[in-house]
Amino acid sequence: MSVDGKMRAFLLLALLLVLPSDGFAFTTSNTINLKTVAVNNPATTMSRFAPARTLYTHTSPTLTKFQLAYIPPEDAEKANKTKPKLPQPKIGDVVRYFDMDGGRAEGQVLVGKISLIQPIRSEPASEDGTNKWLVEINEMEDVGDGYYADYPSRKRRKCALRKLEEIAPLPASFVRTEDAYKVPVERGTNRPRPSHASYDLIGYEGPAAVPINQEVVKADGENYGKIKFDLIRNSAIAGAAGAIVVQLVSGSNIAVIYAAGAFAGVAYLFFLGIKTDTVGSADAKLGSNVSNLRFVFPGLVLVGVALNNMMSGDSNPVSSPGLFSTVTPEQFGAAMAGFLTYRVPLFVSQLSPVISESATDMIPGSAGMAMRLAQDAKNRGVDMSLLKDKSAADGLTTVFLVSGPEATGKTTLVNKLLESDSRFVKPVLVDKVADGVKFERLEQRGEFLEVDPSGRYGLSKEGVLQAAEQSSDSENGEQKVVVVDAGVELAKKMVNVSGARLVGVWIGLDDLDKFESRLKSKISSGLVSIPEDETEDTVLRAKVRQVVKDIEFGVVSGVFEFTILNENIDDSLKQLKDAASYCFK
C-alpha cells in the first residue's frame with residue numbers, strides 16, 4: 001500500500017472512532033456541500049450548521065465523496081415517523097376490489113362505486129383498523145380503454161360487500177363525452193391502478209354528518225306550506241267554478257252533486273297532506289293510517305246520492321234496475337267529475353312553467369335571451385324595478401348589427417340606411433396611413449375586430465363604441481346609433497364585445513340557388529379573384545359551402561332578432577328601417 005493509501009486508511013479509522021457508533025448515514029455526491037445525516041445520539045455536540053466532512057474511498061474506479069452533517073435528534077425522529085397520508089373513503093368514490101369467484105387464483109379485478117359505508121357489529125375491531133367498516137359497492141361496467149360506466153338499468157346492476165381494508169381508491173375522472181369514468185391502468189396487464197394501496201383505516205371514524213342549515217329547512221317548510229295551501233285553495237275555486245257551469249248546463253240537482261264531489265276532492269287533498277306532513281317523523285304510521293281515509297270520500301258522495309234518491313219516493317230518478325240501480329249515470333258522472341276537479345289546478349301548475357319556458361324559447365335573438373334572464377331573476381326574488389332603473393343607466397352602447405352571408409346585398413342596404421337616416425353612423429376605423437403608430441400597436445396586441453382586405457383600415461372595439469358619441473349632435477340632442485355592416489366572422493366577434501347592446505338583423509335569401517346565381521355574377525364580373533391553382537367552379541363550390549355554414553350560424557346563434565329576405569331592395573330597406581327603429585326603444 002502506498003503512503004497516500006495508508007494515510008487515507010488512518011484518517012478513516014480515526015473518524016470512525018470519534019463519531020458515535022449508534023447511528024449515522026452516508027449520502028454520496030460529486031460536489032462538497034452541506035448534507036443532512038441523521039445522528040441519533042443526544043450527547044453529540046456537533047454544530048447544527050457544521051460543514052460536511054469529506055472522505056475518500058477506493059470502492060469504485062472513480063473517487064467518491066461522502067458528506068456527513070448533523071440534524072437534531074427530534075427532527076430525525078419526526079422524519080422517521082412521517083408516512084404518506086392515506087385518503088378516507090366517501091360515498092361515490094370509484095374503487096378497485098376483487099371477486100374471488102372470477103376464475104383466477106388471485107381473483108378477478110373489478111371496479112365499482114361506493115354506495116354505502118356501515119360499521120361491522122359482529123366482529124371486534126382490530127388496533128390496525130381492520131374488521132371495522134363494511135362497504136357496499138355498485139359494480140361498474142368495463143367499456144374498454146380504461147373507461148368504466150354505471151350500468152344503465154337496475155336489473156343489470158350488481159352490488160358487492162367488502163371490508164374497507166379490501167378495497168383501494170382509484171383516481172377516476174368522469175369524461176362527459178364518453179359518459180364514463182377514465183381509470184389509469186397498468187401497462188401490460190391493463191388492470192386498474194389505484195392511487196393508494198388502501199384507505200386510512202386507523203383515522204377513519206365513519207361517514208361525516210352533513211351539517212343542516214336550519215334557515216334552509218325553515219324556508220323549505222314555508223314553501224311547502226304555501227304550495228299545499230295554494231293547491232287546496234285552487235281546487236276549491238275550481239270546484240266552485242265547475243259547479244256554476246254545471247248549474248247553467250244541467251240544473252241545480254246535478255250541480256249540487258258535482259259540488260259534493262268537488263268537496264270530496266278537496267278533502268282527499270287535505271288528508272293526503274297529513275301523510276306527507278308526517279313522513280319521516282314518529283307519527284308516520286299514524287299519519288299514514290289517517291291519510292287512508294281519503295279513499296272513503298268518493299264513496300260517501302255516491303252513498304249520499306243513493307240515499308237521497310231512495311228517500312225521494314215517486315220522484316226517484318232511478319227507474320230501472322241494473323249497474324246504476326241506486327244512482328243515475330248523470331249523477332255518477334257529476335260526482336266523479338267533481339271529485340277529479342282537484343287535478344285541474346295540479347295539472348295547470350305543472351304545465352304552466354313548461355308553456356312559459358317554451359314560449360320564451362320561441363323568441364329569437366337577444367330579446368328572447370333578455371326575457372329568459374328576466375324570468376330567472378324574477379324566480380330568484382330579484383326586485384325587477386331595480387333592474388329596470390339600472391338598465392336605463394347601465395352605460396351600454398346600442399349597436400345596430402347587420403350581418404349575413406356573401407352576395408345577399410346587405411352592404412347596399414346598410415349604405416341606403418345611412419343615406420336616408422342621419423341618426424345612424426358608421427364605425428370609426430383606424431387608418432394605417434394617417435395613424436400608423438396606433439394601427440401597429442392595435443395590430444400587435446390583436447385588438448382589431450377586423451382589417452379590410454387592403455390592410456389599410458382596421459376596426460377596433462373603441463371604434464364601434466365611440467362612433468356614436470363622436471358623431472352626436474349636442475345642440476339638437478339627437479341620439480346616434482352606430483351601424484356595423486358585418487360578415488359572419490365579424491358578427492361572431494361582436495357578440496363578445498363588452499359594453500355593447502346589440503340589435504341584430506340577418507340578411508338572407510330564400511333559396512340557395514339564388515346565392516349561387518349571385519356568386520356566379522360576382523365571379524364573372526371580376527369582383528371575386530380566382531387563384532392560379534383553382535377554377536371558377538372550385539371557387540364557387542367553396543363559397544356555396546361557406547354560405548351554408550353562415551346560414552347555420554344565423555339560425556342557431558340567437559343573436560338576430562330580425563330576418564330580412566332581400567328579394568326586393570325597396571321592401572327590404574323598409575323592413576331594415578323598421579328593425580332599426582328598435583334601437584331607440
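Computed values, structure above
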| item | result |
| --- | --- |
| Residue list for segment 521-545, restricted to those being closer than 15 Å to GLY409 by Cβ and surrounded by 10 or more Cβ atoms within 10 Å (Cβ to Cβ) | SER521, LYS522, LEU527 |
| Residue that is farthest from ALA168 (Cα to Cα), among those in segment 190-220 that are among the small types (Gly, Ala, Ser) and open to solvent by 70 Å² or more (accessible area, probe 1.4 Å) | ALA209 |
| Wholly within segment 142-244, strands (runs of 3 or more DSSP E) carrying at least 1 residues that are touching a residue at least 60 places away in the same chain (Cβ under 8 Å) | 159-163, 180-182 |
| Selection from segment 240-271 of residues that are open to solvent by 60 Å² or more (accessible area, probe 1.4 Å) and of a type in the set (A, V, I, L, M) | ILE244, VAL245, LEU248, VAL249, VAL256 |
| Residues located in segment 276-300, provided they are in contact (Cβ under 8 Å) with a residue 12 or more places away in the chain, over 25 Å from ALA337 (Cβ atoms) and among the charged types (D, E, K, R) | none |
| Condition broken by VAL548, with the remaining ones in (1) open to solvent by less than 60 Å² (accessible area, probe 1.4 Å); (2) assigned to a helix (DSSP H, G or I); (3) within 26 Å of ASN496 (Cα to Cα) satisfied | (1) |
| Close pairs from segment 525-552: first free of Cβ contacts under 8 Å to residues at least 12 places away in the same chain, partner buried (at least 16 other Cβ atoms within 10 Å of the Cβ) and outside any loop (DSSP other than H, G, I, E, B), Cβ under 6 Å, at least 6 apart | ILE530/VAL539 |
| Criterion: more than 35 Å from the chain's Cα centre (by Cα), surrounded by 19 or more Cβ atoms within 10 Å (Cβ to Cβ) and of a type in the set (Lys, Arg) - qualifying residue of ARG294, ARG233 | ARG294 |
| Residue list for segment 554-572, filter: of a type outside the set (Gly, Ala, Ser) and either at positive phi or buried (at least 18 other Cβ atoms within 10 Å of the Cβ) (or both) | VAL559, PHE560, GLU561, PHE562, ILE564, ASN566 |
| Residues of segment 92-136 that turn out to be modelled with pLDDT of 75 or more and exposed (fewer than 12 other Cβ atoms within 10 Å of the Cβ), as a count | 5 |
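The values are calculated or read from the model by the stated rules, or taken from the named source; none is laboratory data. Please read these numbers as outputs of a predicted model, since none were measured by experiment. A quick note on method: Cβ atoms are made from the backbone with ideal geometry, for glycine too, and the neighbour counts reach across all protein chains shown. Side chains included, ligands, DNA and RNA excluded: accessible areas come from the protein's heavy atoms. Shrake-Rupley method; radii C 1.70, N 1.55, O 1.52, S 1.80 Å.
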